[in-house]
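What follows is one structure encoded as structure tokens, with my remarks underneath.
The values are calculated or read from the model by the stated rules, or taken from the named source; none is laboratory data. Nothing here was measured: the structure is a model prediction, and the numbers come from that model. Note: ideal-geometry Cβ built from the backbone for every residue, glycine included; neighbour counts use all protein chains shown.
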Amino acid sequence: MVKEIERAGLPVVHMCTIVPISKTVGANRIVPTVAIPHPLGNPNLSRAEEKALRRKLVERALKALQTPVGDQTVFEE
Amino acid sequence: MIEKIIIVTNNVLSDTSFRGNHRVDFIEGSLLDVLIKVRDYIHLGHRLMTHPLMGSIKPNQTPYKTVAITLKAYESVDLNSLILIENSIEITLKLLNNKPPRNWPEEVLEDYRAVDFELIKNALN
Amino acid sequence: MRLELGKIYIKDVQFASETRVENGTLFINREELLKEIGEDERLKHIDVEIAKPGEEVRIIPVKDVIEPRVKVEGNGGIFPGFISKVDTVGSGRTHVLKGTAVVTTGRIVGFQEGIIDMAGEGAKYTPFSKTNNIVIICEPVDDLPQHEHEEAVRIAGYKAAAYLGKAGKDISPDEVKVYETLPLLEQVKQYPELPRVIYVYMLQSQGLLHDTYVYGVDAKKIIPTFIYPTEVFDGAIVSGNCVSACDKNPTYVHMNNPIIEDLYERHGKDINFLGCVITNENVYLADKERSSNYTAKLVEFLGADAVIISEEGFGNPDADLVMNCNRIEEKGIKTVLLTDEYAGRDGASQSLADSTPRGDAVITAGNANQIVILPPMKKVIGHPNAADIIAGGFAGSLMADGSIEAEIQVITGATSEVGFGYLTTKTF
Amino acid sequence: MRIVHYINQFFGQIGGEEKAHIPPQIREGIVGPGMAFKQALRGEAEIVATIICGDSYFAENEAKAKAEILNMVKKYYPDIFIAGPAFNAGRYGIACGTIAKAVKDELGIPVVTGMYVENPGVEMFRRDIYIISTKNSAAGMRDAVLKMAAMALKLAKGERIGSPADEGYVERGIRVNYFAGERGSKRAVDMLIKKIKGEAFLTEFKMPEFDRVIPNPPVQDITKAKIALVTSGGIVPKGNPDRIEASSASKYGEYDIEGVFDLTGETFETAHGGYDPVYANMDADRVLPVDVLRDLEMEGRIGSLHRYYYATVGNGTSVANAKRFGAEIAKKLLLDGVNAVILTST
């Protein structure tokens, strides 16, 4: 899916827990996430902490969308 | 073997035999239910210790499965474990869809339990 | 190591008062044979029957198939570690009763599979419809545990094959083939200009009913190691593998390993065949890591430019195949893989439980889920109730006229992953 | 034998892009490429009717167009249905594939079509129907028609269909057993020697492959950008209104989130069968971060969050379906003026 969206000309960031899988499906901008059953959350944190964590990840995704890349790039901290 | 393990199984032989020495998660359900439970553990960072499709008896043939995973949930998901379990589930679904298991007579079930148990026992020793 | 393999072509097998070979016929003294194999107190009753090509006979469930051979000259004897002492075999001269096979049948577990049909559609899929089969039917004593039972039947087969093989000891063979592999440094020097090839020989070793033995050692306990190809011809590797009839390697197939034979065919012409690395297929994932790392290291150490890797079994071994392929290709050594497929009855599903983009050269022995109709046979040797279980079981169903609709995975040797058969698959 | 032939407005000689909106219409007998088919069929079969439909009409009214065309086909009791050839025309190819598959599945009539291998219709339908591989333009009409006609006759007569190479169709991905001339070990040794020498060889089993796409340039001004959310994590409105399957999804959903500021356990859930759903069912923002994007939208950190999000289940979903979903979603997003996409997976 991610590849077809990119192919259509839209910059796309893939937020995915398992980076190698994201690479094999052909994502170019990759933001690693927390865990498979809760990629953008963590049920062990308080509501506020969890949302802050999610915000941090989404902001990283926005940064990825604003960054020129030549090849598959993983955006970590 | 140094690492502490969890045994996920729907085989009563494995359950009774390992209960003393390891944590056992006994599943009242099908072979597929065992694999799905293992998958959920792996998603939370546990790692596979034994291959989910051990044995040449096809997963649409034997109703029993025992899998060993690490007791510890690691920070990150282990890719190898993930690929193995996801592929195993996929192939199991395919074969079940191909030809669902029949209702075996008790003596055959007994043999299936024995083989499953022997293979895992042997892998862990 | 140099081995002369003397082939005595047997066209017929008959019971007689004396066990001997005469004019291409193997005569068998039935009582003597039974006495030879009947010493095991774990077996309550043993019987023997003959099944010939073209006869309307079904053998079920087939446990193992073994070729009668005898050591004529050289160190050791056939089936070292079981029938003979553990002397190193593989040199001198060995005679073979070509065209015969010992087939063991015995219902070790309730779900037992493994069909050899001597005629009809099923006969096309098994190589053992073309051999004159001496079928050993074993009944265990009551309540014998499965692993004891498996062992007793396994040994009975080796004893029968060794006993029958002796009939060929003083017979002048119809054909003698010479196979020779020198010690590594000399072998490399013999054809310095030719690419060096190793055969990576994966052995089923997951446990009960899934075992292979090397000189009597359980293969799950080995570290990958080197073996001269000719040792295999003398029965150094034997099968204790009773599950997955289509793609397990019966002892017969180990003794006649076709990859070794065909590598020898090109040895000195296109390649320099250095020998075999045997490795295992264990359940414990750390074992897989160790074995694949070790195999790659050994193959590199031996100086291979390229390898053939053969798998044995389904599911779990796919992981070993992929790991071996990756580790070896990572060292810049070229690989060709042999496997079979489980692509579903319609052939439309993903075929393997694991894959790697490095596996770019693969030989397939066919889709084991393909359906065949096995017609009713006049005679069934073995345990017909096993047929009922297969017929109603996971891989087959019984039809009104008594024929069985089954997947070819129930047929012994149908999708041999050492390429013993001709079956293959292409994409439509 | 009777044939019904499907073509688009261009080959139906009605007009080009300006006529692409015409609804399906039926003509007795042959139109356009039907003439070439007539020759190739050598009197063994006859095109009794030709259905012409505009490519845009079909693309924009798929369900309706499909029903209309099926009704037309039914009336002529054909023994075989031919669509195209569509060559490299994308919408035409998808229309040919869609309608041919429907005729085969719903009317039980054998079908054949023809396309250039890169036509998106190939990837979408090659598993379902026989697609003759054609050149990329109508310059390849002659050859395409010959192969399609031969295939049509074979199918109509119920003859055995040979391999893709023999018949000229695109591989359908079905593994078929046969006995080779040499045993497996010999084939392995031959392949090994070719591989060593660097000569070409044909693997008997292709491991799955992955292709790559060149990255698009970044978003220039994110504070003005319209951002869309897409997920393969199966987040759907509670009750799963589109009944997206838990695995091997055959569809995706489009959901309006206007006025939605937070996904809650009462309103959203996951349809995904590939992970433990407990966490996502409690709070679907854990998979689809609508709450955070709304905050960022209000703070002016992004231009806007697109009104619709798209969801499917990326669990056992075939590559072909995933590709199709991706392509269709991308098309809609472009039409809606979306500038960038955040795609979340589990």
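Looking at the structure I just gave you, is residue D:292 without any contact (Cβ under 8 Å) to a residue 40 or more places away in the chain, among the aliphatic types (A, V, I, L, M) and touching a helix residue (DSSP H, G or I) at 6+ places or on another chain (Cβ under 7 Å)?
Yes.
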(message) I want to confirm something. Restricting to segment D:131-163 and keeping residues that are modelled with pLDDT under 95 and in contact with an Asp or Glu (Cβ under 8 Å, 6 or more places away or on another chain), which single residue is nearest to residue C:259 (Cα to Cα)?
(response) D:161
(message) Against the definition (farther than 25 Å from residue D:306 by Cβ, surrounded by fewer than 18 Cβ atoms within 10 Å (Cβ to Cβ) and not aliphatic (A, V, I, L, M)), how does residue A:77 come out, yes or no?
(response) yes
(request) Six or more apart or on different chains, Cβ under 8 Å: which pairs go from a residue in segment C:317-343 that's within 12 Å of chain D (Cβ to nearest Cβ) and over 24 Å from residue B:57 (Cα atoms) to one that's in a helix (DSSP H, G or I) and among the acidic types (Asp, Glu)? Could you list them? (result) C:333/C:300; C:335/C:329
(request) Would you mention how many residues in segment C:358-390 are in a loop (DSSP other than H, G, I, E, B), more than 10 Å from chain D (Cβ to nearest Cβ) and buried (at least 21 other Cβ atoms within 10 Å of the Cβ)? (result) 1
(message) Checking the condition within 21 Å of the chain's Cα centre (by Cα), of a type outside the set (Asp, Glu) and assigned to a loop (DSSP other than H, G, I, E, B), which residue from D:160, D:172 passes?
(response) D:172
(message) Taking the conditions exactly as written (more than 9 Å from chain A (Cβ to nearest Cβ) and either free of Cβ contacts under 8 Å to residues at least 24 places away in the same chain or more than 30 Å from the chain's Cα centre (by Cα) (or both)), does residue D:298 satisfy them or not?
(response) yes
(message) Among the residues of segment D:178-228, what is the count of those that are outside any helix (DSSP H, G or I) and over 29 Å from residue C:426 (Cα atoms)?
(response) 13
(message) Can you tell me how many residues within segment C:285-299 are under 24 Å from the mean Cα position of the chain (by Cα), of a type outside the set (Lys, Arg) and within 14 Å of chain B (Cβ to nearest Cβ)?
(response) 3
(message) So, residue D:230, is that one away from chain C (no Cβ under 14 Å), surrounded by 13 or more Cβ atoms within 10 Å (Cβ to Cβ) and touching a residue at least 24 places away in the same chain (Cβ under 8 Å) or not?
(response) yes
(request) Could you pull out the residue among D:326, D:314 that is of a type outside the set (A, V, I, L, M), within 19 Å of residue A:29 (Cα to Cα) and in contact with an Asp or Glu (Cβ under 8 Å, 6 or more places away or on another chain)? (result) D:326
(request) Examine segment C:410-427 for a residue that is surrounded by fewer than 18 Cβ atoms within 10 Å (Cβ to Cβ), touching a helix residue (DSSP H, G or I) at 6+ places or on another chain (Cβ under 9 Å) and not hydrophobic (A, V, I, L, M, F, W, C), and state whether such a residue exists. (result) yes
(message) Please count how many residues of segment D:75-97 are under 28 Å from residue D:139 (Cβ atoms) and crowded, with 21+ Cβ neighbours inside 10 Å.
(response) 15
(request) Evaluate segment B:55-71: report whether one residue or more is crowded, with 20+ Cβ neighbours inside 10 Å and assigned to a helix (DSSP H, G or I). (result) no
(request) Report, ordered by the first and then the second residue, all pairs with beta carbons closer than 9 Å, sequence separation of six or more or different chains, a first member in segment D:43-57 that is touching a residue at least 24 places away in the same chain (Cβ under 8 Å) and under 15 Å from residue D:99 (Cβ atoms), and a second member that is of a type in the set (Phe, Trp, Tyr) and in a strand (DSSP E or B). (result) D:50/D:6; D:51/D:6; D:52/D:6; D:53/D:6
(message) Restricting to segment C:91-124, name every residue that is more than 14 Å from chain B (Cβ to nearest Cβ) and either without any contact (Cβ under 8 Å) to a residue 60 or more places away in the chain or surrounded by fewer than 24 Cβ atoms within 10 Å (Cβ to Cβ) (or both).
(response) C:91, C:92, C:93, C:98, C:99, C:103, C:104, C:119, C:120, C:121, C:123, C:124
(request) Within segment C:213-227, work out how many residues are within 14 Å of another protein chain (Cβ to nearest Cβ) and among the β-branched types (Val, Ile, Thr). (result) 0
(message) Which numbered condition in (1) within 14 Å of chain B (Cβ to nearest Cβ); (2) in contact with a helix residue (DSSP H, G or I) (Cβ under 6 Å, 6 or more places away or on another chain) is the only one that residue C:241 fails?
(response) (2)
(message) Restricting to segment A:1-54, and then to whatever is hydroxyl-bearing (Ser, Thr, Tyr) and either within 8 Å of another protein chain (Cβ to nearest Cβ) or not in a loop (DSSP other than H, G, I, E, B) (or both), can you tell me which residue is nearest to the chain's Cα centre (by Cα)?
(response) A:33
(message) I need the full set of residues from segment D:209-227 which are touching a Pro at 6+ places or on another chain (Cβ under 8 Å) and more than 22 Å from residue D:329 (Cβ to Cβ), in order please.
(response) D:209
(message) Out of D:258, D:266, I need the residue that is away from chain C (no Cβ under 14 Å), more than 30 Å from residue C:262 (Cβ to Cβ), outside any helix (DSSP H, G or I) and over 30 Å from the mean Cα position of the chain (by Cα). Which one?
(response) D:266
(request) Considering only segment D:291-306, state which residues are over 11 Å from residue A:55 (Cα atoms), outside any strand (DSSP E or B) and among the aliphatic types (A, V, I, L, M). (result) D:298, D:302
(message) Please go through (1) surrounded by 18 or more Cβ atoms within 10 Å (Cβ to Cβ); (2) in contact with a helix residue (DSSP H, G or I) (Cβ under 7 Å, 6 or more places away or on another chain); (3) under 22 Å from residue C:321 (Cβ atoms); (4) at pLDDT below 95 for residue D:210 and return the number of the only condition it doesn't satisfy.
(response) (1)
(message) Name the single residue that is farthest from residue C:365 (Cα to Cα) among those in segment C:88-142 being part of a strand (DSSP E or B) and of a type in the set (Ser, Thr, Tyr).
(response) C:94
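One line per residue, one yes/no per condition, for (1) closer than 25 Å to residue D:108 by Cβ; (2) outside the structural domain of residue D:111 (by TED's automatic domain parsing); (3) within 25 Å of the chain's Cα centre (by Cα); (4) surrounded by 22 or more Cβ atoms within 10 Å (Cβ to Cβ):
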site: D:31; (1), (2), (3), (4): no, no, no, no
site: D:52; (1), (2), (3), (4): yes, no, yes, yes
site: D:63; (1), (2), (3), (4): yes, no, yes, no
site: D:68; (1), (2), (3), (4): yes, no, yes, no
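Please find, among B:95, B:31, B:119, the residue that is in contact with a helix residue (DSSP H, G or I) (Cβ under 9 Å, 6 or more places away or on another chain) and either without any contact (Cβ under 8 Å) to a residue 40 or more places away in the chain or within 13 Å of chain C (Cβ to nearest Cβ) (or both).
Sole residue among the options that is in contact with a helix residue (DSSP H, G or I) (Cβ under 9 Å, 6 or more places away or on another chain) and either without any contact (Cβ under 8 Å) to a residue 40 or more places away in the chain or within 13 Å of chain C (Cβ to nearest Cβ) (or both): B:31.
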(request) Would you please name the residue that is surrounded by the fewest Cβ atoms within 10 Å (Cβ to Cβ), looking only at residues in segment B:78-92 that are more than 7 Å from chain C (Cβ to nearest Cβ) and not charged (D, E, K, R)? (result) B:79
